[in-house]
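The values are calculated or read from the model by the stated rules, or taken from the named source; none is laboratory data. Here the structure is a predicted model, which is why all the values come from computation and not from measurement. For neighbour counting, all protein chains shown are included, and Cβ atoms are generated from backbone atoms with ideal geometry for every residue, glycine included. The accessibility values were calculated without ligands, DNA or RNA, using every heavy atom of the protein model including side chains. Shrake-Rupley method; radii C 1.70, N 1.55, O 1.52, S 1.80 Å.
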Amino acid sequence: MNKQFGWWFFTCGNQILVIPQGERIPYGDVEDLPLPDLDFTKAERFSHYQGEACLRLELAEPIDLGMGEWIELRASMALLNSQLFDLVGKAQQFALFLKTHRFCGSCGETLERVDWELAMQCQQCGFRAYPRISPSIIVLISHGNKVLLANHRRHQKQEQAIYTAIAGFVEAGETLEHTVHREVREETGLRIKNLRYWKSQPWAFPHSLMAAYFAEYDEGEIQIDRRELADAQWFDVSQLPHLPPPGTIAREMIDHWSEQVTHN
């Protein structure tokens, strides 16, 4: 077996193996790690971290590897630094891509892995598939010392209602800015102004790339789309509700806005 050295990302669906010490991702030579017999011919380098290779291996089931524990990908956000969390997401998205692109979407033939880039190609018709990336937007809308936050229906199972920024996916033929205005209008009935791009974040749930914006209230009354939202309200900077966890771009935006308002 060829020696394989670096950071090991063991994934199984939406789970990742983390260890209790250090960077929380196993590190070292595969022959020196306390691992059971696995098919390491399927392991591959997919990135680098701190100058060393990142290797990923997708398992069919979350078996006991003799170290650490399997946790949900979202839960790893609280344990890993932002760079490692992004790498975990990248490893999971690669695994998902290979699992869901086994056959050609054009002619139905079996796809084969391209060995010089992450892609699958059909030898019959030449169709080539790449990992799916779904562009999306998230926007934090302010009105003086108040901010618009919404409780999305997907958060209804949480013990405590999470209030966050407005977000949505880009539709065919739209610019990112068009998407922001449309999503705000559709979900809240409001119109916004002074739209400002801030930053982006890869979000592997399952394959999004989120572009974050700040905007200001222009006009309208809150009229929520109840298919998407359970509630939406204006909150004063001194009385914010239960917010998304640290590590999310939504929480980073809210914290950034709060600091700006408080110090002005």
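Across segment 182-205, the number of residues qualifying as under 30 Å from Gln83 (Cα atoms) and either among the polar types (S, T, N, Q) or modelled with pLDDT under 95 (or both) comes to 6. For Gly126, are the conditions met, namely being in a loop (DSSP other than H, G, I, E, B) and farther than 30 Å from Ala95 by Cβ? The answer is no for Gly126. Contact map, segment 2-24: residues that are part of a strand (DSSP E or B) paired with residues that are aromatic (Phe, Trp, Tyr), Cβ distance under 6 Å, separation 6+ or inter-chain. Pairs shown: Trp7/Tyr27; Trp7/Tyr49; Gln15/Trp70; Leu17/Phe10; Leu17/Trp70. Between Phe97, Phe40, Phe85, the distinction of being within 23 Å of Thr248 (Cα to Cα) and open to solvent by less than 40 Å² (accessible area, probe 1.4 Å) belongs to Phe85 only.
When segment 171-188 is examined, which residues are found to be outside any helix (DSSP H, G or I) and either surrounded by 14 or more Cβ atoms within 10 Å (Cβ to Cβ) or in contact (Cβ under 8 Å) with a residue 40 or more places away in the chain (or both)? Spell out the reasoning first.
As a first pass, look at segment 171-188 and keep what is outside any helix (DSSP H, G or I): 171-175.
Result: Glu174, single match.
Flag set for Ala212, criterion: within 11 Å of Ile137 (Cβ to Cβ) and touching a residue at least 40 places away in the same chain (Cβ under 8 Å).
Looking at the structure I just gave you, is Arg196 surrounded by fewer than 19 Cβ atoms within 10 Å (Cβ to Cβ), in a strand (DSSP E or B) and under 25 Å from the mean Cα position of the chain (by Cα)? Yes. Total residues in segment 43-82 satisfying the condition of being without any contact (Cβ under 8 Å) to a residue 60 or more places away in the chain, within 17 Å of Gly13 (Cβ to Cβ), surrounded by 12 or more Cβ atoms within 10 Å (Cβ to Cβ) and of a type in the set (D, E, K, R): the figure is 3.
On inspection, Thr262 does not qualify as among the hydroxyl-bearing types (Ser, Thr, Tyr) and either under 18 Å from Ile162 (Cβ atoms) or surrounded by 15 or more Cβ atoms within 10 Å (Cβ to Cβ) (or both).
Screening Gly6 on (1) of a type outside the set (A, V, I, L, M); (2) out of contact with any helix residue (DSSP H, G or I) (no Cβ under 8 Å at 6 or more places or on another chain); (3) within 30 Å of Gln124 (Cα to Cα); (4) at pLDDT 90 or above shows it passes everything except condition (3).
One residue stands out in segment 206-224 among those that are at pLDDT 95 or above and assigned to a loop (DSSP other than H, G, I, E, B): the one that is farthest from Ala161 (Cα to Cα), namely Gly220.
Just so you know, in segment 101-138 the residues that are surrounded by 14 or more Cβ atoms within 10 Å (Cβ to Cβ) and among the β-branched types (Val, Ile, Thr) include one that is farthest from Gly247 (Cα to Cα), and it is Ile137.
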